[in-house]
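Participant: Could you have a look at this structure, given as structure tokens, before my questions?
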Amino acid sequence: MALALLALLFAVAALTERGSLRWRYRPRLRHGAYTLALGVYCSSWTFYGAVGSAASEGWNYLPIYVAPALFLLLAPGFLARLAEEVQRERASTISDFIAARFRHDPGVARIITVIALCGTVPYIALQLRSIGSAIAAFSGEDVAIPAMAAGAFVLGVFAILFGARRYEIAGRSEGLVFAIALESLIKLISLTLVGAVAVAVIWRAEAGALASATRTIARQFAPDHVTLETGVIGLISAFAVIVLPRQFYMGLAEAHSVRDLPRARKGLAFYVLAMAGLVVPIALAGLLALPAGASPDRFVLLLPASAGYDAVAVLALLGGLSAGAAMVIVDATALAIMVSNDLIFPAVLRSGTDVRGEQGPSGSLGRQMLLVRRGAILGVVLLALFWALMIDPARSLASIGLVAFAAMVQFVPHLIMAVNAPGHDPAAARASLLTGFWLWLYTLALPPILPREVLWALQGTPFDPLRLLGIGQATPLVHGVAWSLSANLAVLALWRARQGGTSSLPRLLAGGRSAGNIGDLAALTARFVGEARAVEAFPDERHALPVDRGAARRAQDLIAEVVGTSSARALIASALAGGRMSMDDVTRLLDEGGQSLSFSRQLLAATFENLQSGVSVIDSDLRLVAWNTRYVDLFGYPPGLVRVGVPIADLIRFNVIRGTFAGPVQVEVDKRLNHLRARRSYSSERRHGDGRVIKSVGGPMPGGGYLTSFTDITEEALVRAELNRTLDQLEQRVEARTQELNDANQRLAATTREKTRFLAAASHDLLQPLHAARLFTSALDRRLEGDARALAGRIDRSIVSAEALLRALLDISRLDAGGIQPSPEAVPLAPLIDEVVETLRPLAEEKGLHLRTGPLSGTVMTDAGLLRSVLQNLVTNAVRYTPDGGVVVGVRRRGANLRIDVIDSGVGIAPDRQREIFGEFTRIGAVEAEGLGLGLAIVERIVRLLGAQVTLASREGRGSRFSISLPALEHALPAVAVRTEVARAADHNVARVLRVLVADNEPDIVEAAVALVEALGHRAMGAATAAQALALASDADVLLADYHLGEGEDGLRLIDQARARHPALAVGMISAESGPALRNRLRMRRVPLFVKPADPAALAAFLGAIARGSGDQVEPE
């Protein structure tokens, strides 16, 4: 059963930590669990020892419960102030808080920790002993010591798992809170059932036996039994409900807001009184039903079993076990935090820094402190187990608990001073605490464990611990409390009176790292809380700045989450002092942070009242806690409705009843309450019945509250509505105009497609007749002599001029219509420019000009064919407009670009005409030159298409420089110009008559080509289709094929098929198509291209090279 109980507590704690219990997020349930968890005050001392005290001592049991209950009920102001000051100091233990108010003195914290440790360890030992005794009594076996040992181990592990899960201290152990709340509920139910059994026993008792037992109890509660000891017990018990380490930890460190403890005080007082009220009936029933020799401390266990209520007996055992277990777990957790932060941390700090001051990895000290805290839990529990084994089992449980209470009362005066104001003299605190502690130790703690021989030896001497200096005849408790507490107060008062004012310089810690700027402070903080949180608090861009008040306070708060406020302050002070800041500056920097916090709260209240918006703040229970006047005015609340603590549901209901809402009143109220409970941010606007528009913006606050602002935006809403109407009209107009533009674009696109199709057809159909005419003229030229031949030459030149005009017009039209798309590739400039220059060299030499090239290195990513057209036009124009001198073509590096320059010594261009020359049909009249004035118009369009840039520099009468700039292609592999090797005939050495096959779907073209070939002295055959050409290919030496053969056939496929059948067949293509795609396909097949109208001389040279078998190579056009 004991294991089942521990398993249940473990399951509740684990599920709560994992977030599986969704109801833990409900504020009411969480507060209920928090209130029940404060019932850890009632330990196994209450469950077992209180009955023993009532049966044997009478009144002395009652102050232990009545005094704390009265304190809780009568001192709400003190509790509220305590909660506020603890939160202000961010303290997690009572030693941390008191030390923080005594100028953050680590020495004060250490003394309080030692007192708490010495006073609580016997108290924990009491719980372990009660657990062992209860199990032994219930089982009838002598298993007390094994049960204590097993219990100590299990409870220590539980405390580590749920009290030291992470290195942050306060408000993080939700699993522990809910598990202890369940324990409080179990022990209350168990003791209530035992009380019910007691009432049944009393009801059934014989009159004589009842009268005898009643007389026995009455004697214990006789008025003359109210002694000085009763008052002393009340004195030391009143504050125990907050100064015991477990009570301070559960009540203040695990609180979510400063209102938690004041709100829980009534529930805790009721709980304590209920437990105390069940004691007397159980004691009376035990005297009635149990044998005379039965121990009163075991009445709770023995009574149900003797009355035949075995199930209740089991529950009584479980209730006692849970009471002892909860006390051990929480006290071990709280003491471990105090021990690790106040006693062990300085040593950890020194060991975590090497002699050079180098810091450990991120979060290393935080992880070390977590391990230390876990080790401290085990150490506390083992020390308590050792103490339990030393204690005389015959000693009353109550007497052990009272000794612990007497230890805690030593720092009650200091707690009261700490709550009242900060900045007290730490020297006075240290002196008084040490005095009280040593007297408590000598008069109360040591006598129970000293050998009797030692006590007898001291008896009657001034050093008798039970009658110090031979004064008085009081009980040991009264004697010890009187001596220790009075000496404590006397030293405190005398020291404060003697010390007019002492230095408030902070205490320093050895082993810390100096902090000269915010970067150093961030590095120090990261050692405790990790890199991520340190970076969030101190961004990298602030690291070089000097430490200011805000940075110091932020670092102290973060480190305090791990080691407590006093140790954190000492560490920060040490770091700042090591960074060459004077101690006065350090003190001022750290103290101003705390003073500014109080000022900020006052400023916040004043700010609320001066806001133009209404503001309301509710707590986690959905009750109003703060508001401003504007909030009341906006909603017109009647007097008395808006007050502190009023449920926000009442205010929402008031607004819903007056407003225009779709659903029933309660449905609308519940909808808004559910939104607040869900803690979601929101923003909404609502029009009220009077026409006003109120905008609400709300969001959750830390600790479970909710902040909402309300703003009257009626004017803004009217302006916005008018803007919306205007926008709607504009949108309709834009939509109409957009539709018109879409229709126009569609028509334009259709027109462009038609134009493109027309140009494609024109490129072919218009050039076909010219091609035929040139071939016929060339053939005729070879048959004529004299004047007739000269006439034929003029006809040929006229055809060439017409071709140039038509081709230029078609090029411009295709460029404008988007019918030409570039095919970028890596283009080495040297072979391309060489080719253009060599092609035009005869034209230059004919005019007596020098045409040469400069440096040509470099590679660009562009369309080679289009770039060739640009250069041909530029070089041709340079030659045409240069009467004498020469033309130079070269490449220069300009940053990331390559600039191709065409420089001439020609006539130059006047500045006012330099933009004009890029228009269509524009020519300068300085010299007579052939041309149509379209070359530069084509250049300008192609350059724009390639994404390049054309520039002009010219001086009239001196010459011009046309430049094309293209991005350079880095690390390009050198490209080799592809030259098409002409297939040779069988005879490589002797010129011969060739058999030439002409394939074209136009009869006129075939006839003209045949005439030309025959005029050249070769034999010619014609074919109109690919099938006819393949049939004749076996009898041919050369195949000249058109690209478009009609009915889906093309010359490339014909060439591939003919080559496959006759590998020795020489091939060439004659076509009006000259796009980059076709040129690339021909280049890969090493097939020369003759663009229609083809130059007869080029065809003649091609056939002559094949006939001679000279091995010449013909470059594709």
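Participant: Placing one identical point scatterer on every Cα of the range 428-504 and ignoring solvent, what is log10 I(q)/I(0) from the Debye formula at q = 0.21, 0.26 Å⁻¹?
Facilitator: Each listed q maps to, in turn, -0.88, -1.15.
Participant: Residue by residue through the range 271-281, which ³J(HN,Hα) values in whole Hz follow from phi under the Karplus form 6.51 cos²θ - 1.76 cosθ + 1.60 (θ = phi - 60°), with glycine and proline marked x?
Facilitator: Computed from phi, the couplings for the range 271-281 are 4, 5, 5, 5, 5, 5, x, 7, 5, 5, x Hz.
Participant: If you don't mind, there's one more thing I want to ask. On full extension of the chain, what length is gained from Leu673 through Leu641, given 0.36 nm per residue of separation minus the C-alpha to C-alpha distance?
Facilitator: Values: separation 32, 0.36 × 32 = 11.52 nm, distance 1.81 nm.
My answer for the length gained is 9.7 nm.
Participant: Please give the direction-averaged projected area of the C-alpha convex hull for the range 821-967, in square nanometres with one decimal.
Facilitator: Details: hull surface 32.3 nm².
The Cα convex hull of the range 821-967, projected and averaged over all directions, gives 8.1 nm².
Participant: Additional query: Grab the other residues whose beta carbon is less than 14 angstrom from that of Gly320, score K and R as +1, D and E as -1, and report the net.
Facilitator: Within the 14 Å Cβ shell, the charges total +1.
Participant: Let me ask something additional. How do the peptides 419-425, 186-192 rank, highest first, by the average count of neighbouring beta carbon atoms within 10 Å per residue?
Facilitator: Numbers: 419-425: 15.9, 186-192: 21.1.
Taking the mean over residues of other Cβ atoms within 10 Å, the ranking is 186-192, 419-425.
Participant: Next question. Apply the Karplus parameterisation 6.51 cos²θ - 1.76 cosθ + 1.60, with θ equal to phi minus 60°, to every residue of the range 1014-1027 and state each ³J(HN,Hα) to the nearest whole Hz, in sequence, with x for glycine and proline.
Facilitator: 5, 5, 7, x, 10, 8, 10, 10, x, 9, 9, 10, 5, 5
Participant: Neighbouring Cβ atoms within 10 Å as the yardstick, rank Met390, Met338 fewest first.
Facilitator: Numbers: Met390 11, Met338 29.
Listed from fewest to most nearby Cβ atoms, that is Met390, Met338.
Participant: Also, I was wondering about something else. Taking amide H positions as placed in the peptide plane 1.01 Å from N, state which residues far from Val860 in sequence (5 or more) or on other chains have amide H under 5 Å from it.
Facilitator: Val827, Leu829, Leu969
Participant: Here is a follow-up. Give me the percent relative contact order of the range 978-1114, please, defined on Cα pairs under 8 angstrom at least 6 residues apart.
Facilitator: It comes to 34 percent, rounded to a whole number.
Participant: Okay, next question. Net charge near Glu735, counting Lys/Arg +1 and Asp/Glu -1 over other residues with Cβ under 15 Å of its Cβ?
Facilitator: Every neighbour counted, the sum reads -2.
Participant: Quick check for me: using +1 on Lys/Arg Cβ and -1 on Asp/Glu Cβ, what's the dipole size of the range 821-967 about its Cα centre, in debye to the nearest 20?
Facilitator: The calculation lands at about 520 debye.
Participant: Neighbour counts of other C-beta atoms within 10 Å: give me Ser869, Ser184, Ser1034, Ser340 arranged from fewest to most. Show your work: numbers first, answer last.
Facilitator: On the way: Ser869 19, Ser184 24, Ser1034 11, Ser340 30.
Fewest-to-most Cβ neighbours within 10 Å comes out as Ser1034, Ser869, Ser184, Ser340.
Participant: If each residue of separation counts as 0.36 nm, what is the full-extension length gain between Asp1056 and Asn745 once their alpha-carbon separation is subtracted?
Facilitator: 107.7 nm
Participant: So what's the net charge close to Asp1000: Lys and Arg +1, Asp and Glu -1, counting the other residues with Cβ under 11 Å from its Cβ?
Facilitator: -3
Participant: Given bins 5 angstrom wide, list per bin the percent of all Cα-Cα distances in the range 611-712, short to long.
Facilitator: 2, 12, 23, 29, 24, 9, 1, 0
Participant: Also: Can you work out the FRET efficiency for the pair Leu945 and Ala1027, with r the C-beta to C-beta distance and R0 = 41 Å, to the nearest 0.05?
Facilitator: In this case the efficiency is close to 0.55.
Participant: Please compute one quarter of the surface area of the Cα convex hull for the range 978-1114 and express it in square nanometres.
Facilitator: 7.4
Participant: Check which residues have an amide H placed less than 5 Å from Val646's amide H, if you skip close sequence neighbours.
Facilitator: Leu624
Participant: Order 77-88, 900-911, 737-748 from most to least packed using the mean count of other Cβ atoms within 10 Å.
Facilitator: 900-911, 77-88, 737-748
Participant: For the range 978-1114, with only Lys/Arg (+1) and Asp/Glu (-1) charged at the beta-carbon, what is the dipole magnitude about the Cα centre, in debye rounded to 20?
Facilitator: 680
Participant: Between Ile471 and Ala211, take the C-beta separation as r, use R0 = 41 Å, and let me know the FRET efficiency to the nearest 0.05.
Facilitator: Values: r = 43 Å, r/R0 = 1.05.
The formula returns an efficiency of 0.40 here.
Participant: Taking a virtual spin label 7 Å from the Cα of Gln821 along the C-beta vector, which residues in the range 1066-1105 bring their backbone nitrogen under 15 Å of it?
Facilitator: Answer for this model: 1075-1078.
Participant: Report the chymotrypsin sites (Phe, Trp or Tyr not before Pro) located in the range 407-466 that are in a DSSP loop and have at most 15 other Cβ atoms inside 10 Å of their Cβ, or state none.
Facilitator: Passing both the DSSP loop test and the Cβ count: Phe463.
Participant: Here's something else I'd like to know. Relative to the Cα centre, what is the charge dipole magnitude of the range 162-264, using +1 at the beta carbon of each Lys and Arg, -1 at the beta carbon of each Asp and Glu, and rounding to the nearest 20 debye?
Facilitator: Using only the charged Cβ atoms, the result is roughly 140 debye.
Participant: Please list, in order along the range 177-182, the HN-Hα scalar couplings obtained from phi with the Karplus expression 6.51 cos²θ - 1.76 cosθ + 1.60 (θ = phi - 60°), rounded to whole Hz, x for Gly and Pro.
Facilitator: So the J values, rounded to whole Hz, are 4, 6, 5, 5, 4, 4.
Participant: So, one more: What is the Cα radius of gyration of the range 181-241 over 2.2 N^0.38 Å, N being its residue count?
Facilitator: 1.59
Participant: Follow-up question, since we're still on this one. So how much slack lies between Arg841 and Arg219, counting 0.36 nm per residue of separation and subtracting their Cα-Cα distance, in nm?
Facilitator: So the extension gain works out to 209.9 nm.
Any read-out appearing in this document is the output of simple, stated calculations on the displayed coordinates, not a laboratory observation. None of these values were measured; they are calculated from a predicted model. Note that we place each Cβ from the backbone using ideal geometry, even for glycine, and neighbour counts take in every protein chain shown.
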